[in-house]
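Values in this text are rule-based calculations from the coordinates and carry no lab data. Because the structure is a prediction, the values reported are computed rather than measured. Cβ: placed from backbone, ideal geometry, glycine included. Neighbour counts: every protein chain shown.
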C-alpha cells in the first residue's frame, strides 16, 4: 500500500475578488466538510483564487480541481468564463 500524501495546489481564474469578498471563508467552510482533504488553505494571489490541500489519493490534482470548480459555481458571483488549473502536486 502506498502511504504517500500529496499537497495539491490549484487556482481559479475568472472570479473577481471585489465581487466575492466572502468566497474565501465560504470555501474554507465548505472544505471542512470534505474530510478527505486536510490542511486546506484558500487565498487570493495576483487576481487568482488559490486553494491547497493535502490528501492521500490525488496524485494528479484532478479531483481537487473538480471539487473546487463545483464549490466555486455554488458560492461565487460569476460574470465571465471561469477556469480551474493545476499549480503543483507535491509529495
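Just how many % of Cα pairs in the stretch 26-91 lie over 19 Å apart, if you round to the nearest whole percent?
That tail contains 28 percent of the Cα-Cα pairs.
Arranged from fewest to most other beta-carbon atoms within 10 Å of their beta carbon, 86, 64 become 86, 64.
How much mean residue ellipticity at 222 nm does the chain get from its helices, if each DSSP H run of length 4 or more adds -39500 (n - 2.57) and you divide by all residues, to the nearest 500 deg cm²/dmol?
Details: 2 runs with 24 residues, N = 91.
It lands at -8000 deg cm²/dmol.
Spatial offset of the stretch 73-91 relative to the stretch 19-62 amounts to 10 Å, using the alpha carbon center of each.
With a cut-off of 8 Å between alpha carbons and a minimum separation of six or more residues, what is the relative contact order of the stretch 6-90 in percent? Show your work: numbers first, answer last.
Working: 146 pairs, mean separation 43.2, N = 85.
Result for the stretch 6-90 is 51 percent.
Taking the Cα atoms only, what angle lies between the long axis of helix 62-75 and the longest principal axis of the chain, rounded to 10 degrees? On a 0 to 90 degree scale, this one is about 30. Under a Gaussian network description of the chain, with springs only between Cα atoms under 10 Å, the residue in 80, 52, 60 that fluctuates furthest is 80. Taking other C-beta atoms within 10 Å as the exposure proxy, 81, 70, 26, 58 rank 81, 70, 26, 58 from fewest upward. Which part of the stretch 55-91 falls in the paramagnetic zone of residue 17, meaning amide N under 12 Å from the point 7 Å along Cα-to-beta-carbon? Answer for the stretch 55-91: none.
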